[in-house]
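Undergrad: Can you read through this structure? Questions will come right after.
The values are calculated or read from the model by the stated rules, or taken from the named source; none is laboratory data. Everything numeric in this text was worked out from a predicted model, so none of it was measured. A quick note on method: Cβ atoms are made from the backbone with ideal geometry, for glycine too, and the neighbour counts reach across all protein chains shown.
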Amino acid sequence: MPGRIAMKICPNLLSLLSQNVKTVAVTGTNGKTTCSRMIEEAFSEAGLSYFANRSGANLMSGVTTEFVMNCTLSGKMKKKYAVIECDEAAARTVFGQLKPQVIVVTNLFRDQLDRYGEITHTLSNIREGIRSVPEARLCLNADCSLTASLSEDGLPNPILWYGIDGTAGLKAVPSRLSDASHCIRCKAEYEYDYHTYAHLGGFRCPKCGYHRPQPDFAVTEILLMDDRHSEVVLRTPSGETPLTINLPAGYNLYNAVASVCAAEAIGIEQRICIEALGRFSCGFGRMESFPLAGGTRMILVKNPAGCSQALEYLSGIDKEYILVVCLNDRGADGTDISWIWDADFELLGPMSERIRKFYVSGDRADDMRLRLKYAGLPDEKITVEYSPEKLTDALAQETLPVYIMPTYTAMLDLRTVIVHRCGGAEFWE
Ligand SMILES: [Zn+2]
(Lines give C-alpha, C1' and ligand atoms only; values in the text may rest on other atoms or scores of the structure.)
Protein backbone atom coordinates (compact mmCIF):
# COMPACT_ATOMS: atom_id res chain seq x y z
CA MET A 1 0.00 0.00 0.00
CA PRO A 2 2.67 2.64 0.83
CA GLY A 3 4.26 1.88 -2.53
CA ARG A 4 0.98 2.22 -4.38
CA ILE A 5 0.26 5.62 -2.86
CA ALA A 6 3.84 6.81 -3.40
CA MET A 7 3.70 5.75 -7.07
CA LYS A 8 0.56 7.88 -7.55
CA ILE A 9 2.43 10.93 -6.29
CA CYS A 10 5.69 10.12 -8.03
CA PRO A 11 5.51 7.46 -10.77
CA ASN A 12 9.29 7.07 -11.03
CA LEU A 13 9.89 7.01 -7.29
CA LEU A 14 11.59 3.62 -7.40
CA SER A 15 14.18 4.81 -9.91
CA LEU A 16 14.96 7.83 -7.70
CA LEU A 17 15.28 5.80 -4.51
CA SER A 18 17.23 2.92 -6.03
CA GLN A 19 19.97 5.12 -7.52
CA ASN A 20 22.48 4.63 -4.72
CA VAL A 21 21.51 1.12 -3.70
CA LYS A 22 23.41 -1.89 -5.01
CA THR A 23 20.74 -4.43 -5.76
CA VAL A 24 20.60 -8.11 -6.62
CA ALA A 25 17.28 -8.90 -8.29
CA VAL A 26 16.06 -12.50 -8.45
CA THR A 27 13.44 -13.60 -10.94
CA GLY A 28 12.26 -16.84 -12.60
CA THR A 29 9.46 -19.35 -12.03
CA ASN A 30 10.62 -21.48 -9.11
CA GLY A 31 13.12 -20.91 -6.31
CA LYS A 32 13.02 -17.08 -6.20
CA THR A 33 12.32 -16.87 -2.50
CA THR A 34 14.78 -19.53 -1.38
CA CYS A 35 17.51 -18.16 -3.64
CA SER A 36 16.88 -14.59 -2.38
CA ARG A 37 17.08 -15.76 1.24
CA MET A 38 20.38 -17.52 0.49
CA ILE A 39 21.82 -14.35 -1.05
CA GLU A 40 20.58 -12.42 2.00
CA GLU A 41 22.38 -14.86 4.25
CA ALA A 42 25.60 -14.13 2.34
CA PHE A 43 24.99 -10.35 2.63
CA SER A 44 24.45 -10.74 6.33
CA GLU A 45 27.57 -12.91 6.73
CA ALA A 46 29.57 -10.29 4.83
CA GLY A 47 28.31 -7.62 7.24
CA LEU A 48 26.65 -5.53 4.51
CA SER A 49 23.86 -3.14 5.40
CA TYR A 50 20.94 -4.30 3.27
CA PHE A 51 17.20 -4.76 3.08
CA ALA A 52 15.00 -7.25 1.20
CA ASN A 53 11.36 -7.67 0.20
CA ARG A 54 11.02 -10.66 2.48
CA SER A 55 7.24 -10.56 2.61
CA GLY A 56 7.05 -11.87 -0.96
CA ALA A 57 5.48 -8.65 -2.31
CA ASN A 58 7.36 -8.83 -5.60
CA LEU A 59 5.39 -6.64 -8.03
CA MET A 60 6.18 -2.96 -8.75
CA SER A 61 4.05 -1.77 -5.81
CA GLY A 62 5.64 -4.21 -3.36
CA VAL A 63 9.20 -3.44 -4.45
CA THR A 64 8.52 0.31 -4.24
CA THR A 65 7.00 -0.18 -0.77
CA GLU A 66 10.19 -1.89 0.37
CA PHE A 67 12.30 1.06 -0.81
CA VAL A 68 9.91 3.60 0.75
CA MET A 69 10.07 1.75 4.08
CA ASN A 70 13.87 1.90 4.00
CA CYS A 71 14.41 5.59 3.26
CA THR A 72 14.37 8.70 5.42
CA LEU A 73 11.70 11.41 5.12
CA SER A 74 13.99 13.34 2.79
CA GLY A 75 14.30 10.30 0.51
CA LYS A 76 17.80 9.19 1.47
CA MET A 77 18.23 5.42 1.59
CA LYS A 78 19.24 4.07 4.98
CA LYS A 79 20.99 1.01 3.55
CA LYS A 80 23.50 0.47 0.75
CA TYR A 81 22.43 -2.93 -0.56
CA ALA A 82 19.19 -4.75 -1.38
CA VAL A 83 18.06 -8.24 -2.34
CA ILE A 84 14.88 -7.96 -4.34
CA GLU A 85 12.73 -10.87 -5.46
CA CYS A 86 10.90 -9.82 -8.60
CA ASP A 87 7.86 -11.44 -10.17
CA GLU A 88 8.81 -12.68 -13.65
CA ALA A 89 5.90 -10.89 -15.32
CA ALA A 90 6.75 -7.64 -13.50
CA ALA A 91 10.45 -7.81 -14.46
CA ARG A 92 9.73 -5.87 -17.66
CA THR A 93 8.75 -2.72 -15.76
CA VAL A 94 10.55 -3.21 -12.42
CA PHE A 95 14.12 -3.71 -13.73
CA GLY A 96 14.18 -0.39 -15.61
CA GLN A 97 13.47 1.55 -12.42
CA LEU A 98 15.29 -0.71 -10.00
CA LYS A 99 18.53 -0.70 -12.06
CA PRO A 100 19.93 -3.81 -10.33
CA GLN A 101 23.68 -4.50 -10.45
CA VAL A 102 22.99 -8.22 -10.67
CA ILE A 103 20.02 -10.14 -12.08
CA VAL A 104 19.56 -13.83 -11.25
CA VAL A 105 17.18 -15.89 -13.39
CA THR A 106 16.41 -19.17 -11.62
CA ASN A 107 14.53 -21.09 -14.33
CA LEU A 108 11.40 -20.93 -16.45
CA PHE A 109 8.55 -23.36 -16.10
CA ARG A 110 4.92 -23.31 -17.01
CA ASP A 111 3.20 -21.54 -14.13
CA GLN A 112 -0.36 -20.48 -13.52
CA LEU A 113 -1.46 -19.96 -17.09
CA ASP A 114 -4.42 -17.80 -16.10
CA ARG A 115 -1.98 -15.18 -14.85
CA TYR A 116 1.01 -15.31 -17.17
CA GLY A 117 -0.08 -16.62 -20.53
CA GLU A 118 2.45 -18.47 -22.62
CA ILE A 119 5.89 -19.24 -21.28
CA THR A 120 7.62 -17.46 -24.17
CA HIS A 121 5.65 -14.38 -23.16
CA THR A 122 7.14 -14.61 -19.66
CA LEU A 123 10.57 -15.03 -21.21
CA SER A 124 10.11 -11.89 -23.28
CA ASN A 125 9.00 -9.95 -20.17
CA ILE A 126 12.30 -10.84 -18.52
CA ARG A 127 14.24 -10.06 -21.70
CA GLU A 128 12.64 -6.62 -22.00
CA GLY A 129 13.43 -5.97 -18.34
CA ILE A 130 17.07 -6.88 -18.86
CA ARG A 131 17.24 -4.75 -21.99
CA SER A 132 16.62 -1.68 -19.81
CA VAL A 133 19.71 -2.41 -17.68
CA PRO A 134 22.51 -3.24 -20.15
CA GLU A 135 25.20 -2.88 -17.47
CA ALA A 136 23.66 -5.41 -15.04
CA ARG A 137 25.55 -8.67 -14.62
CA LEU A 138 23.38 -11.70 -15.32
CA CYS A 139 23.49 -14.98 -13.40
CA LEU A 140 21.71 -17.49 -15.61
CA ASN A 141 20.80 -21.14 -15.19
CA ALA A 142 22.78 -22.92 -17.92
CA ASP A 143 20.66 -26.06 -17.57
CA CYS A 144 17.39 -24.35 -18.52
CA SER A 145 17.16 -24.00 -22.29
CA LEU A 146 14.59 -21.22 -21.93
CA THR A 147 16.64 -19.17 -19.46
CA ALA A 148 19.86 -19.78 -21.40
CA SER A 149 18.23 -18.40 -24.54
CA LEU A 150 18.42 -14.93 -22.96
CA SER A 151 22.06 -14.93 -24.08
CA GLU A 152 20.98 -15.42 -27.69
CA ASP A 153 19.38 -12.03 -28.03
CA GLY A 154 22.45 -9.86 -28.42
CA LEU A 155 22.10 -8.44 -24.91
CA PRO A 156 25.38 -6.69 -24.00
CA ASN A 157 25.20 -7.77 -20.33
CA PRO A 158 28.10 -9.79 -18.92
CA ILE A 159 26.91 -13.31 -18.00
CA LEU A 160 27.89 -15.75 -15.27
CA TRP A 161 26.46 -19.23 -15.84
CA TYR A 162 25.58 -21.73 -13.15
CA GLY A 163 24.26 -25.29 -13.20
CA ILE A 164 24.56 -28.89 -12.14
CA ASP A 165 26.91 -31.10 -14.16
CA GLY A 166 25.76 -34.52 -15.35
CA THR A 167 28.53 -36.10 -13.29
CA ALA A 168 26.82 -34.91 -10.08
CA GLY A 169 24.25 -37.67 -10.58
CA LEU A 170 20.96 -35.98 -9.76
CA LYS A 171 18.26 -38.50 -10.59
CA ALA A 172 17.71 -38.20 -14.30
CA VAL A 173 14.06 -38.88 -14.85
CA PRO A 174 12.88 -37.12 -18.01
CA SER A 175 9.66 -35.30 -17.40
CA ARG A 176 6.41 -36.66 -18.79
CA LEU A 177 5.40 -33.19 -19.84
CA SER A 178 8.33 -31.02 -20.75
CA ASP A 179 7.88 -27.25 -20.85
CA ALA A 180 10.68 -27.01 -23.40
CA SER A 181 11.10 -30.18 -25.44
CA HIS A 182 11.84 -28.36 -28.68
CA CYS A 183 14.56 -25.90 -29.64
CA ILE A 184 13.65 -22.32 -28.94
CA ARG A 185 15.61 -21.27 -32.02
CA CYS A 186 14.65 -23.79 -34.69
CA LYS A 187 11.91 -26.00 -33.17
CA ALA A 188 13.85 -29.27 -33.61
CA GLU A 189 13.58 -31.68 -30.69
CA TYR A 190 16.37 -31.36 -28.14
CA GLU A 191 18.71 -34.21 -27.34
CA TYR A 192 19.80 -34.63 -23.74
CA ASP A 193 22.97 -36.09 -22.24
CA TYR A 194 21.14 -36.17 -18.91
CA HIS A 195 18.19 -34.60 -17.11
CA THR A 196 18.46 -33.08 -13.66
CA TYR A 197 14.85 -31.92 -13.27
CA ALA A 198 12.01 -31.62 -15.74
CA HIS A 199 13.47 -29.89 -18.84
CA LEU A 200 16.65 -28.90 -16.98
CA GLY A 201 19.85 -30.71 -17.91
CA GLY A 202 22.44 -31.21 -20.63
CA PHE A 203 20.39 -30.16 -23.65
CA ARG A 204 21.53 -29.65 -27.21
CA CYS A 205 19.78 -29.07 -30.49
CA PRO A 206 20.91 -31.53 -33.21
CA LYS A 207 19.79 -29.16 -35.96
CA CYS A 208 21.05 -25.66 -35.14
CA GLY A 209 23.63 -26.47 -32.48
CA TYR A 210 22.10 -24.44 -29.63
CA HIS A 211 23.31 -26.17 -26.47
CA ARG A 212 23.80 -25.90 -22.72
CA PRO A 213 26.51 -23.32 -22.05
CA GLN A 214 29.45 -24.44 -19.91
CA PRO A 215 28.65 -23.12 -16.42
CA ASP A 216 31.16 -20.97 -14.49
CA PHE A 217 29.75 -22.31 -11.22
CA ALA A 218 28.56 -25.92 -11.13
CA VAL A 219 27.80 -28.70 -8.70
CA THR A 220 30.03 -31.51 -10.01
CA GLU A 221 29.47 -34.17 -7.37
CA ILE A 222 26.96 -34.93 -4.64
CA LEU A 223 28.78 -36.39 -1.65
CA LEU A 224 25.80 -36.73 0.65
CA MET A 225 22.13 -35.84 0.56
CA ASP A 226 19.78 -36.58 3.43
CA ASP A 227 16.54 -35.10 4.71
CA ARG A 228 18.32 -32.22 6.42
CA HIS A 229 21.21 -31.13 4.24
CA SER A 230 23.42 -31.76 1.21
CA GLU A 231 27.17 -31.89 0.82
CA VAL A 232 28.47 -31.32 -2.68
CA VAL A 233 31.56 -30.39 -4.66
CA LEU A 234 31.29 -26.99 -6.30
CA ARG A 235 33.39 -26.02 -9.31
CA THR A 236 34.11 -22.30 -9.50
CA PRO A 237 36.41 -20.22 -11.69
CA SER A 238 38.98 -20.43 -8.87
CA GLY A 239 38.85 -24.22 -8.49
CA GLU A 240 36.83 -26.89 -6.69
CA THR A 241 35.51 -26.47 -3.18
CA PRO A 242 33.30 -28.48 -0.84
CA LEU A 243 29.93 -26.91 -0.12
CA THR A 244 27.40 -27.82 2.56
CA ILE A 245 23.84 -26.63 2.05
CA ASN A 246 21.76 -26.64 5.18
CA LEU A 247 18.57 -27.51 3.32
CA PRO A 248 17.36 -30.79 1.81
CA ALA A 249 16.22 -31.63 -1.73
CA GLY A 250 18.10 -31.72 -4.99
CA TYR A 251 16.39 -28.68 -6.51
CA ASN A 252 17.83 -26.53 -3.72
CA LEU A 253 21.28 -27.24 -5.19
CA TYR A 254 20.25 -24.91 -8.01
CA ASN A 255 19.24 -22.21 -5.54
CA ALA A 256 22.52 -22.60 -3.68
CA VAL A 257 24.78 -22.46 -6.72
CA ALA A 258 22.77 -19.49 -8.04
CA SER A 259 23.39 -17.67 -4.77
CA VAL A 260 27.14 -18.34 -4.91
CA CYS A 261 27.11 -17.01 -8.46
CA ALA A 262 25.18 -13.88 -7.42
CA ALA A 263 27.48 -13.25 -4.46
CA GLU A 264 30.47 -13.38 -6.81
CA ALA A 265 28.74 -11.00 -9.23
CA ILE A 266 28.07 -8.40 -6.53
CA GLY A 267 31.59 -8.75 -5.13
CA ILE A 268 31.21 -10.86 -1.98
CA GLU A 269 34.06 -13.23 -1.25
CA GLN A 270 33.13 -16.78 -2.20
CA ARG A 271 34.26 -18.19 1.14
CA ILE A 272 31.73 -15.96 2.90
CA CYS A 273 28.83 -17.15 0.79
CA ILE A 274 29.83 -20.79 1.27
CA GLU A 275 29.91 -20.36 5.06
CA ALA A 276 26.50 -18.70 4.93
CA LEU A 277 24.95 -21.64 3.04
CA GLY A 278 26.13 -24.06 5.71
CA ARG A 279 24.07 -22.23 8.30
CA PHE A 280 21.15 -21.22 6.15
CA SER A 281 17.65 -22.00 7.29
CA CYS A 282 14.73 -21.22 5.09
CA GLY A 283 11.34 -20.09 6.21
CA PHE A 284 7.85 -19.35 5.18
CA GLY A 285 6.78 -22.65 3.74
CA ARG A 286 9.98 -23.38 1.82
CA MET A 287 11.15 -26.58 3.50
CA GLU A 288 10.29 -24.81 6.70
CA SER A 289 10.29 -27.14 9.70
CA PHE A 290 8.04 -27.13 12.75
CA PRO A 291 8.19 -29.10 15.98
CA LEU A 292 4.85 -30.78 15.29
CA ALA A 293 4.27 -34.59 15.28
CA GLY A 294 7.57 -36.41 14.60
CA GLY A 295 8.91 -33.26 12.92
CA THR A 296 6.96 -31.42 10.24
CA ARG A 297 8.23 -29.87 7.04
CA MET A 298 6.23 -27.62 4.76
CA ILE A 299 7.01 -27.58 1.04
CA LEU A 300 5.13 -24.88 -0.87
CA VAL A 301 3.94 -25.97 -4.33
CA LYS A 302 2.73 -23.59 -7.01
CA ASN A 303 2.94 -25.34 -10.37
CA PRO A 304 3.45 -28.79 -11.91
CA ALA A 305 7.26 -28.54 -12.19
CA GLY A 306 7.75 -27.39 -8.61
CA CYS A 307 5.28 -29.97 -7.38
CA SER A 308 7.01 -32.79 -9.27
CA GLN A 309 10.36 -31.70 -7.80
CA ALA A 310 8.89 -31.90 -4.31
CA LEU A 311 7.38 -35.32 -5.11
CA GLU A 312 10.74 -36.54 -6.38
CA TYR A 313 12.29 -35.45 -3.10
CA LEU A 314 9.54 -37.20 -1.12
CA SER A 315 9.86 -40.39 -3.17
CA GLY A 316 13.52 -40.59 -2.10
CA ILE A 317 12.83 -40.57 1.64
CA ASP A 318 13.60 -44.03 3.01
CA LYS A 319 11.65 -43.98 6.26
CA GLU A 320 7.97 -43.96 7.13
CA TYR A 321 6.13 -40.66 7.09
CA ILE A 322 2.77 -38.96 6.70
CA LEU A 323 1.96 -36.88 3.65
CA VAL A 324 -0.44 -33.93 3.64
CA VAL A 325 -1.54 -32.10 0.49
CA CYS A 326 -3.51 -28.84 0.88
CA LEU A 327 -5.07 -27.52 -2.28
CA ASN A 328 -6.76 -24.12 -2.60
CA ASP A 329 -7.89 -22.40 -5.78
CA ARG A 330 -8.01 -18.75 -4.71
CA GLY A 331 -6.48 -15.90 -6.72
CA ALA A 332 -2.93 -16.25 -5.43
CA ASP A 333 -2.95 -20.02 -5.99
CA GLY A 334 -4.20 -19.80 -9.56
CA THR A 335 -7.89 -20.55 -9.93
CA ASP A 336 -7.31 -23.34 -12.44
CA ILE A 337 -6.25 -26.45 -10.53
CA SER A 338 -5.93 -28.71 -13.57
CA TRP A 339 -2.15 -28.54 -13.05
CA ILE A 340 -2.42 -31.22 -10.37
CA TRP A 341 -2.97 -33.70 -13.21
CA ASP A 342 0.37 -32.67 -14.76
CA ALA A 343 2.32 -33.11 -11.52
CA ASP A 344 3.88 -36.54 -11.09
CA PHE A 345 1.97 -37.89 -8.10
CA GLU A 346 2.57 -41.29 -9.72
CA LEU A 347 6.13 -41.03 -8.35
CA LEU A 348 4.69 -41.88 -4.94
CA GLY A 349 3.17 -45.16 -6.16
CA PRO A 350 6.23 -47.41 -5.81
CA MET A 351 6.85 -46.29 -2.25
CA SER A 352 3.30 -45.84 -0.99
CA GLU A 353 4.05 -48.51 1.67
CA ARG A 354 6.29 -46.05 3.42
CA ILE A 355 3.65 -43.35 3.50
CA ARG A 356 1.60 -44.46 6.47
CA LYS A 357 -1.25 -41.99 5.95
CA PHE A 358 -2.37 -39.28 3.57
CA TYR A 359 -4.31 -36.20 4.56
CA VAL A 360 -5.90 -33.94 1.96
CA SER A 361 -7.06 -30.50 2.93
CA GLY A 362 -8.03 -27.08 1.56
CA ASP A 363 -10.94 -25.80 -0.52
CA ARG A 364 -10.30 -28.41 -3.21
CA ALA A 365 -9.45 -31.34 -0.94
CA ASP A 366 -11.83 -33.61 -2.84
CA ASP A 367 -10.09 -32.94 -6.17
CA MET A 368 -6.80 -33.75 -4.50
CA ARG A 369 -8.16 -36.99 -3.12
CA LEU A 370 -9.29 -37.96 -6.61
CA ARG A 371 -5.86 -37.11 -8.01
CA LEU A 372 -4.15 -39.35 -5.42
CA LYS A 373 -6.58 -42.16 -6.21
CA TYR A 374 -5.74 -41.92 -9.91
CA ALA A 375 -2.05 -41.97 -9.03
CA GLY A 376 -2.72 -45.45 -7.65
CA LEU A 377 -2.54 -44.59 -3.97
CA PRO A 378 -4.84 -46.56 -1.64
CA ASP A 379 -7.99 -44.56 -0.92
CA GLU A 380 -8.47 -46.15 2.52
CA LYS A 381 -5.29 -44.42 3.66
CA ILE A 382 -6.59 -40.98 2.65
CA THR A 383 -8.29 -38.75 5.21
CA VAL A 384 -10.09 -35.57 4.13
CA GLU A 385 -9.83 -32.70 6.62
CA TYR A 386 -11.02 -29.36 5.24
CA SER A 387 -10.22 -27.10 8.17
CA PRO A 388 -6.62 -26.13 9.02
CA GLU A 389 -7.43 -26.25 12.74
CA LYS A 390 -8.80 -29.80 12.63
CA LEU A 391 -5.94 -30.89 10.38
CA THR A 392 -3.40 -29.49 12.85
CA ASP A 393 -5.21 -31.23 15.72
CA ALA A 394 -5.00 -34.54 13.86
CA LEU A 395 -1.32 -34.06 12.99
CA ALA A 396 -0.46 -33.18 16.58
CA GLN A 397 -1.52 -36.74 17.51
CA GLU A 398 0.95 -38.32 15.08
CA THR A 399 4.44 -39.49 16.00
CA LEU A 400 5.86 -40.02 12.50
CA PRO A 401 7.50 -37.21 10.49
CA VAL A 402 5.00 -35.19 8.48
CA TYR A 403 5.49 -33.54 5.08
CA ILE A 404 2.94 -30.95 4.04
CA MET A 405 2.58 -29.76 0.45
CA PRO A 406 0.31 -26.69 0.40
CA THR A 407 -0.54 -24.21 -2.34
CA TYR A 408 0.12 -20.56 -1.48
CA THR A 409 -3.05 -19.49 0.34
CA ALA A 410 -3.43 -22.93 1.92
CA MET A 411 0.11 -22.46 3.25
CA LEU A 412 -0.80 -19.04 4.72
CA ASP A 413 -3.86 -20.46 6.52
CA LEU A 414 -2.26 -23.63 7.79
CA ARG A 415 1.02 -21.98 8.71
CA THR A 416 -0.76 -19.47 10.95
CA VAL A 417 -2.44 -22.29 12.85
CA ILE A 418 0.74 -24.37 13.14
CA VAL A 419 2.90 -21.38 14.12
CA HIS A 420 0.38 -20.49 16.79
CA ARG A 421 0.60 -24.00 18.15
CA CYS A 422 4.40 -24.28 17.94
CA GLY A 423 5.40 -20.68 18.68
CA GLY A 424 7.45 -20.17 15.47
CA ALA A 425 8.58 -16.85 13.95
CA GLU A 426 6.34 -14.83 11.68
CA PHE A 427 7.58 -14.14 8.20
CA TRP A 428 7.97 -10.40 8.55
CA GLU A 429 10.31 -10.75 11.49
ZN1 LIG B 1 17.82 -25.63 -32.78
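Undergrad: Take the residues in the stretch 287-302 that are among the charged types (D, E, K, R) and more than 12 Å from residue 402 (Cβ to Cβ); name whichever of them is modelled with the lowest pLDDT. If you could, list the steps in order and put the result at the bottom.
TA: Taking the stretch 287-302 first, the residues among the charged types (D, E, K, R) are 288, 297, 302.
From the residues that got through so far, the ones that are more than 12 Å from residue 402 (Cβ to Cβ) too are 288, 302.
Values: 288: 87, 302: 83.
Looking at the filtered set, the residue picked out is 302.
Undergrad: Being at pLDDT 95 or above, of a type in the set (A, V, I, L, M, F, W, C) and in a loop (DSSP other than H, G, I, E, B) narrows it down to one residue among 208, 186; which is it?
TA: Values: 186 fails: at pLDDT 95 or above.
After applying the criteria, what remains is 208.
Undergrad: So which helices (runs of 4 or more DSSP H) are wholly in the stretch 341-429 and hold at least 2 residues that are over 27 Å from the mean Cα position of the chain (by Cα)?
TA: 365-374, 388-396
Undergrad: Would you check which residues across the stretch 164-181 are loosely packed, with under 14 Cβ neighbours inside 10 Å and either in contact with a helix residue (DSSP H, G or I) (Cβ under 7 Å, 6 or more places away or on another chain) or at pLDDT 90 or above (or both) and list them?
TA: The answer is 171, and nothing else.
Undergrad: Considering only residues of the stretch 202-245 that are of a type in the set (Lys, Arg) and touching a Pro at 6+ places or on another chain (Cβ under 9 Å), which is surrounded by the most Cβ atoms within 10 Å (Cβ to Cβ)? Let's see the steps before the verdict.
TA: Filtering the stretch 202-245 down to residues of a type in the set (Lys, Arg) leaves 204, 207, 212, 228, 235.
Now restrict to residues that are touching a Pro at 6+ places or on another chain (Cβ under 9 Å): 228, 235.
On the way: 228: 12, 235: 20.
Step by step, filter the stretch 202-245, then rank; the result is 235.
Undergrad: Residue 408 - would you say it is modelled with pLDDT of 95 or more, buried (at least 17 other Cβ atoms within 10 Å of the Cβ) and within 30 Å of residue 179 (Cβ to Cβ)? Walk me through it before giving the result.
TA: Working: modelled with pLDDT of 95 or more: no; buried (at least 17 other Cβ atoms within 10 Å of the Cβ): yes; within 30 Å of residue 179 (Cβ to Cβ): yes.
No, not satisfied.
Undergrad: Quick check on this structure: which one of 257, 232 is in contact with a helix residue (DSSP H, G or I) (Cβ under 8 Å, 6 or more places away or on another chain), away from the ligand (no atom under 16 Å from the Cβ) and of a type in the set (Val, Ile, Thr)? So that I can check it myself, show each step before the final result.
TA: Working: 257 fails: in contact with a helix residue (DSSP H, G or I) (Cβ under 8 Å, 6 or more places away or on another chain).
Exactly one residue qualifies, and that residue is 232.
Undergrad: Now, a different point. Among the residues of the stretch 102-110, is any surrounded by fewer than 22 Cβ atoms within 10 Å (Cβ to Cβ), over 16 Å from residue 15 (Cα atoms) and touching a residue at least 40 places away in the same chain (Cβ under 8 Å)? Before you say what the answer is, go through the steps one by one.
TA: As a first pass, look at the stretch 102-110 and keep what is surrounded by fewer than 22 Cβ atoms within 10 Å (Cβ to Cβ): 110.
After this cut, where a residue has to be over 16 Å from residue 15 (Cα atoms) as well, the list is 110.
Filter again for touching a residue at least 40 places away in the same chain (Cβ under 8 Å), leaving 110.
Yes, the stretch 102-110 contains a residue that is surrounded by fewer than 22 Cβ atoms within 10 Å (Cβ to Cβ), over 16 Å from residue 15 (Cα atoms) and touching a residue at least 40 places away in the same chain (Cβ under 8 Å).
Undergrad: For the stretch 178-206, enumerate the residues that are within 9 Å of the ligand (Cβ to nearest atom) and either on the phi > 0 side of the Ramachandran plot or assigned by TED's automatic domain parsing to the domain that holds residue 303 (or both).
TA: Within the stretch 178-206, just 187 meets the criteria.
So that you can scan it fast, the table gives a plain yes or no per residue for (1) assigned by TED's automatic domain parsing to the domain that holds residue 32; (2) hydrophobic (A, V, I, L, M, F, W, C); (3) within 27 Å of residue 389 (Cβ to Cβ):
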site	(1), (2), (3)
307	no, yes, yes
316	no, no, no
327	no, yes, yes
330	no, no, yes
338	no, no, no
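Undergrad: Also, quick follow-up: Residues in the stretch 245-253: is at least one under 22 Å from residue 37 (Cα atoms), more than 21 Å from the chain's Cα centre (by Cα) and more than 16 Å from the ligand (Cβ to nearest atom)?
TA: no
Undergrad: Given the stretch 223-330, what helices (runs of 4 or more DSSP H) lie entirely inside it while holding 1 or more residues that are within 17 Å of residue 348 (Cα to Cα) and among the aliphatic types (A, V, I, L, M)? First the steps, then the outcome.
TA: Details: elements: 251-266, 270-279, 304-315.
Per the criteria, 304-315.
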